């Protein structure tokens with residue numbers, strides 16, 4: 001092999017690596033829900049207050065969005081005593097956009113450059129309970145992960161149990177727990193809802209029951 005060929009090979013490998021990284025980044029930010037959420041500031045959204053983005057064609061009351069987000073933040077602050085997280089809240093009522101975001105009332109947390117959370121909420125779920133629930137996820141993730149890749153993921157039941165402490169909907173109340181569990185006689189083993197596949201399986205009623213069990217378990221602890 002000549003010196004010229006060696007020189008070309010030396011530069012070709014790093015160049016190919018750069019191209020692969022660029023392609024991977026384009027795929028991530030363009031075609032994955034987390035990537036889409038992370039790039040919302042550069043899309044068809046307006047930042048109506050710090051880290052709160054509303055899709056430009058959103059037909060709801062933007063002032064009401066601000067009010068609900070602030071009320072939820074105050075609830076989270078009261079629960080934790082202080083707030084370390086600063087999640088990005090994304091509001092949309094467009095089904096196509098929500099599909100790209102990958103959810104209409106959930107939190108996605110990226111831990112590679114700090115534990116940063118992105119909350120996607122549709123108009124259907126836009127209320128202080130859902131916002132507080134999702135913002136509590138963000139705060140818990142920030143405190144546990146601290147921007148480091150977690151060695152062991154927390155059980156889903158614990159994550160949802162903490163978040164549901166700030167969710168005051170009747171379906172998760174103590175009264176509902178007593179009714180649905182026959183005062184604790186009929187419950188689910190926590191080991192059977194450690195993972196997302198286990199916790200979110202079944203229909204809405206199945207999932208609500210697991211939320212109920214998780215909330216009670218965390219509050220008792």
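FYI, it's all coordinate maths here, none of it is from the lab. As the structure is a prediction and not an experimental result, all values here were calculated from the model. Heads up, the Cβs are rebuilt from the backbone with ideal geometry, glycines too, and the neighbour counts pull from every protein chain shown.
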Angle in degrees between helix 204-220 and the longest Cα principal axis of the chain, rounded to the nearest 10: 80
Among bridges DSSP assigns within the chain, what percent are antiparallel (round to 5)? 55
Determine the distance separating the Cα centre of region 164-221 from the Cα centre of region 79-99; give it in Å without decimals. 23
Quick numbers on region 12-68, Rg and Dmax over C-alpha atoms in Å, give 16.7, 55
For a footprinting-style exposure proxy, rank 146, 50 by other Cβ within 10 Å, fewest first. 50, 146
Using the Kirkwood radius built from alpha carbon pairs, what does the Stokes-Einstein equation give as D for region 153-221 at 10 °C and 1.306 mPa s, in µm² per second? 134
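Kindly put 29, 199 in sequence by how many other C-beta atoms sit within 10 Å of each C-beta, fewest to most.
Ranking 29, 199 by Cβ neighbours within 10 Å, fewest first, gives 29, 199.
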Given the peptides 134-145, 182-193, arrange them by the average over their residues of other C-beta atoms within 10 Å, most packed first. 134-145, 182-193
Would you compute, from DSSP H runs of 4+ residues alone, the mean residue ellipticity of the chain at 222 nm, taking -39500 (n - 2.57) per run and dividing by the full residue count, rounded to the nearest 500? -16500 deg cm²/dmol
Reciprocal of mean inverse Cα separation for region 36-149 (Kirkwood radius, Å): 14.0
Sort the following peptides by mean Cβ neighbour count (other Cβ atoms within 10 Å, averaged over residues), highest first: 65-78, 14-27, 117-130. 117-130, 65-78, 14-27
State the label only: which of (i) -0.29, -0.44; (ii) -0.21, -0.36; (iii) -0.32, -0.50 corresponds to log10 I(q)/I(0) by the Debye sum over Cα atoms at q = 0.07, 0.09 Å⁻¹ computed from the shown model? (i)
Extension gain residue 42-residue 201, at 0.36 nm per residue separation less the Cα-Cα distance, in nm? 53.8 nm
Treating the angle as unsigned and between 0 and 90°, give the value, to the nearest 10°, between the Cα long axis of helix 3-31 and the longest Cα principal axis of the chain. 30
In degrees from 0 to 90, rounded to the nearest 10, what is the angle of the helix 128-145 Cα long axis to the longest principal axis of the chain? 50
